1. For region A:261-276, name all the residues that are touching a residue at least 60 places away in the same chain (Cβ under 8 Å) and at the interface with chain B (Cβ under 8 Å from one of its Cβ atoms).
2. Here are the criteria: (1) in contact (Cβ under 8 Å) with a residue 12 or more places away in the chain; (2) surrounded by fewer than 24 Cβ atoms within 10 Å (Cβ to Cβ); (3) over 29 Å from C:Ser438 (Cα atoms). Tell me which single one C:Ser130 does not satisfy.
3. Taking region B:160-209 as the region of interest, how many residues are of a type in the set (Lys, Arg), touching a residue at least 40 places away in the same chain (Cβ under 8 Å) and surrounded by fewer than 21 Cβ atoms within 10 Å (Cβ to Cβ)?
4. Which residues, counting only those in region B:31-45, are in contact with a helix residue (DSSP H, G or I) (Cβ under 7 Å, 6 or more places away or on another chain) and not β-branched (Val, Ile, Thr)?
5. Take the conditions surrounded by 18 or more Cβ atoms within 10 Å (Cβ to Cβ), under 28 Å from A:Pro145 (Cβ atoms), touching a residue at least 60 places away in the same chain (Cβ under 8 Å) and not small (Gly, Ala, Ser) and apply them to A:Glu202. Does it pass?
6. Taking B:Asn273 and the conditions (1) at negative phi; (2) buried (at least 21 other Cβ atoms within 10 Å of the Cβ), which numbered condition does it fall short on, given that it satisfies the others?
7. Go through region B:99-139 residue by residue and tally those that are among the hydrophobic types (A, V, I, L, M, F, W, C), over 23 Å from A:Ala240 (Cα atoms) and part of a helix (DSSP H, G or I).
8. Which count do you get for residues in region C:244-286 that are assigned to a loop (DSSP other than H, G, I, E, B), in contact (Cβ under 8 Å) with a residue 60 or more places away in the chain, surrounded by fewer than 24 Cβ atoms within 10 Å (Cβ to Cβ) and among the small types (Gly, Ala, Ser)?
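The values are calculated or read from the model by the stated rules, or taken from the named source; none is laboratory data. Computed from a predicted model, the values in this text were never measured in an experiment. Methodologically, a virtual Cβ is constructed for each residue, glycine included, from the backbone with ideal geometry; neighbour enumeration extends over all protein chains shown.
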Amino acid sequence: MAQSRVGETFAKRLIVYHLPLFFFLLFTLFPFYWMFVTSIKSTHETYNREINPYVPVDCAQTIAGQTRALSFNGSALMENCFYHWRTLLRDTLFLRWLRNTLLVAIVSTLISLFAGVTSAYALARLRFRGVQTFGLLIFITYLVPPTLLFIPLSDVIGDLPLFHRNLLNSPWALIVAYPTFLVPFCAWLLTGYFRTIPRELEEAAMIDGATRIQAMIRIVLPLAVPGLLSAAMFAFTLSANEFLYALVFIYDNANKTVPVGVVSELIKGDVFYWGELMSGALLGSVPVALIYSFFVEHYVAGMTGAIKG
Amino acid sequence: MSQELQADGFGADGARVAHKSVLALLEQPNVLGYLLMLPTAFVIFFFVAYPFGWGVWMSFTDKKVGMAWSQVKFIGLQNYVDLVTRDGVFWLTVWNSFVYTGVATVIKWVLGIWLAVLLNRMIRFQRLVRAAVLLPWIVPTVLSTIAFLWIFDPDFSVINWTIRRFYSWMGWGYVRGPLWLGDPTLALASVTFVNIWRGTPFYAISFLAGLQTISPDLYEAAAIDGASGWQRFWHVTLPGIKPITVVVLVFSIIVTFSDFQIVYVLTRGGPANSTHLFATYAYQVAMVGTRLGIGAAVSLFMFPVLALVIIFQLIYLKREQD
Amino acid sequence: MAKQASVKRGVTRRDFIKIAGVTAATGIEGILASRRAPAYAQERSLHFLLWKNFSPPADVEIVRQGEEWGKQNKVNVKIEQINANDIPARIAAAIESKQGPDIVQFFHNWQNQYSDSLVDVTDICTALESKYGGYIDYAKAHAMLNGRFNAVPHTVVPNIFVVRASYMKAAGTTRWPKTWDELRREGKKWKANGHPVGQTVGHTFGDAVDFTYPYLWSYGVAERDEKGQVILASKQALEALKFFKALWDDAMDPAGPGWDDSSNNRAFLSGAVTATNNAPSIYLTASSQVVLDEKGVPLINDILHMPNPAGPAGVFHYHYSQQLAIPKYSKNVDTAKEFLRWLMDKEQLTKYLRRAQAYHGAALKVYLKDAMWDMFPALKPFRDHLLEGRPVGWKGAADANAARVVQNYVLIDMLANVATGKMAPEESLKWAEGQLKSIYGS
């Protein structure tokens, strides 16, 4: 599992490597186990203070019973195990919210990548008057907290005369608002990354007759793919997680994103529908988790390049 | 080739010449630079700078929700003075924010490096474990925090149940278990814990990236010189990840200091204001209590602190570059 | 077994409402007149924002009423229901950007904070009063500012004590305590048995106010006098706070400061507390979900509804009002007014209150005689004490700053400081008075 070090006994490896890793994984993943168990427990089990909360008894019994009898009973399984998942998917607009979240996240990411790439190239490669100031300004935007921005921002977005339509209450309000916190980070990350790419490559291309823009697109960008992926994944995560703007700018249930929809539909005043909330949390993080599992190597590589620069 | 400009640029040749001169223009660093900056500048100006200016202006007024701008009075620094001298919650908020950010950052830093070192050794299941470790950071904060609301529930907490079972197994009698969100000090600790849980993966993966830039030769050389594992860590690993450390710390401090969701979901600033951070208090004052001017002032108090943090980073990086 | 099954299922499917937007007939006349499909349908629309009711059937009923009215009047009625705690932020942004819902529901006297941004609905209210008789006085006070109605009073949510009879009996308590001190003494026995009195003093909009305000009033504690001067720091207030510490330590659940509006419901339904001040939601949940107690018997058989104990100044309750307002930015003010008039009509209001299972009463006094209380006789004590409320801000007016005191949890924190031991009573009183002075501007 790990590189063995010279002269390291098994006992030492256990203490220094395996055990801490085990506790880290426990620390990180226990809440997810808890979310999963709560989502497949029946409601009365959830509200029982005495029984063992770690084991979804009803569900386990159903599965055990079916396994022993070797007979599959889909509806019993649904009632006892996946009741909350079914409620979430059937009786709320969860899939719609997921679609909205993905739409907003993808488009915001693309916009932020575009702005990030262009400004990063300028900051990393070009010397022109004001480049330092501009870099500073980009950082400073980070300091402006969303809790300060969101009222004036809702004013600005509400007044935007785009296609004679009211942007508020549509995913476009978020697509316009999210780059405010995504672009600075993408710009910073990509600036660092571009700095690690040797200038000689572009200069060689320009000597051969390419324009600067052609050099940027054909030479630098392909080499910066890990950095681009890193920035994209980061931006995507931040977009999918955002709550305050989504709460304030969007009203219609059908237009909400996953965080806002789950919280507003599944907490009905007095009652928290824990089973559905937990399954919503798990389903709401699956798309992003999948992407990460495929690209986590690139994510790491992208960060590596950025910090070298 | 690209610089050929002809004096008489008309007709078909003229088009080519015009085309060429546009391209020539784009070769100028000044022009290209400004052009490339345009998208970002657009976003920042309209959607950050302008609303921010609006917010700053608001903090110098007595604006309340629904108050017409014609009625709004400019009152200078009065809001700030009132917050500092009269408001009974403000200084508690300051204290909470610093404690929350300070403790969480230090712990995330330590845990992050530790976890990164462990992940770096891993070969099998590498990808799976790295993705698993990132989960707390990937899952939407609001949703994972609601899970913690249930984990910390005074009657149904799974932690307390476990403690109770342990006590009865040991024969120590009945114990209710800690009041995670009911006791003021413990509540601050609980929200800090959730922040640590959420943020450690980010530190770990970033440090992991940093670790991979350290050349193995350095470790070999140190080992040859007789350095122990701990000494190698202290003299090779830590300095090697200094660049990424600065960047991660700055980003994390800014995000943690202005954190909103965790406290909003778990306690709304209670019990007795012991978990209010700048963002949640500003929200309560401005949105719930409709005093926008004062709320804006609360928000803006974050600015100098965060600005200092950024300035430190820039100074440090500048020094490293020279 | 059938009972077990329904308990297992917990929430029935009926409780989930798919609010995907309610549509009504489009304006056919407009299309026919122009002989081609218009770019935008010539129909009126209405956006109504209100809370997710603590009594789920009420949510279904209000949507049905919106649908019915929309169909009759060719209006596209969109009803949006969100968590009550999120309404202020939504409406603040809407008012500032001058676009948003056409009708908004408010609690306590929240909307007095931006009265000038709301349409004057005095005409609707006076018409209702003359037709049906007057409003309950505190509900009326919460819907008015400077002599005009800025919202139409709709309902009132009553809050009294919900009690486990068997736990009282098991500890030897023969009758519900008549004074706070008696509650402290009896509660001590209940707490010793593991079932204390449970109450939130956290940052929640409902239960915390419902308990702390009447408690303070029962000691004669006033925020301001009639002239508007802050007079919180009085002998009675100090006495109230000192006693509260004793009451808390002896009889109450220490987890209270971290509870939200739903925690005491959960605690009660799972047998963790003997008594808690609440609205009818506990009883209604126990009834609809057939909650069983430890012995497997339906819990509702063990529930009593009792009034607040008395303090030196008497018995007081606080029942929070719910009223509906029309923001001035709305482009559908006349449509909204039509809808509100219809909603407040006897037929609609009666259906709403009854289908809500008597969770709330109406702001109009006449509904105290309504048959809904006979349909849910166990909830009659809520009706019996419904008139014993006061508006916030006593003895001063229930104006914008009084609302700010509620929204910033000042009096609640004053009690929470003492309960958690963070501050001594004197210190907390001084703290709260400073807060009141800075909000009321002295």
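1. We begin by selecting, within region A:261-276, every residue touching a residue at least 60 places away in the same chain (Cβ under 8 Å); these are A:261-262, A:265-266, A:273-276.
Listed by number, the residues that qualify are A:Val262, A:Trp274.
2. (1)
3. Narrowing region B:160-209 to residues of a type in the set (Lys, Arg): B:164-165, B:176, B:198.
Subsequent filtering for residues that are touching a residue at least 40 places away in the same chain (Cβ under 8 Å) retains B:198.
Cutting the leftovers down to surrounded by fewer than 21 Cβ atoms within 10 Å (Cβ to Cβ) gives us none.
The number of residues fulfilling the criteria is 0.
4. Looking only at region B:31-45, we keep the residues that are in contact with a helix residue (DSSP H, G or I) (Cβ under 7 Å, 6 or more places away or on another chain), and these are B:31-33, B:36-37, B:39-40, B:43-44.
Once the filter is applied, which keeps residues that are in contact with a helix residue (DSSP H, G or I) (Cβ under 7 Å, 6 or more places away or on another chain) and not β-branched (Val, Ile, Thr), region B:31-45 yields B:Leu32, B:Gly33, B:Leu36, B:Met37, B:Pro39.
5. Values: surrounded by 18 or more Cβ atoms within 10 Å (Cβ to Cβ): yes; under 28 Å from A:Pro145 (Cβ atoms): no; touching a residue at least 60 places away in the same chain (Cβ under 8 Å): yes; not small (Gly, Ala, Ser): yes.
For A:Glu202, the condition - surrounded by 18 or more Cβ atoms within 10 Å (Cβ to Cβ), under 28 Å from A:Pro145 (Cβ atoms), touching a residue at least 60 places away in the same chain (Cβ under 8 Å) and not small (Gly, Ala, Ser) - is not met.
6. Among (1) at negative phi; (2) buried (at least 21 other Cβ atoms within 10 Å of the Cβ), B:Asn273 violates only (1).
7. Of the residues in that region, 15 qualify.
8. 2
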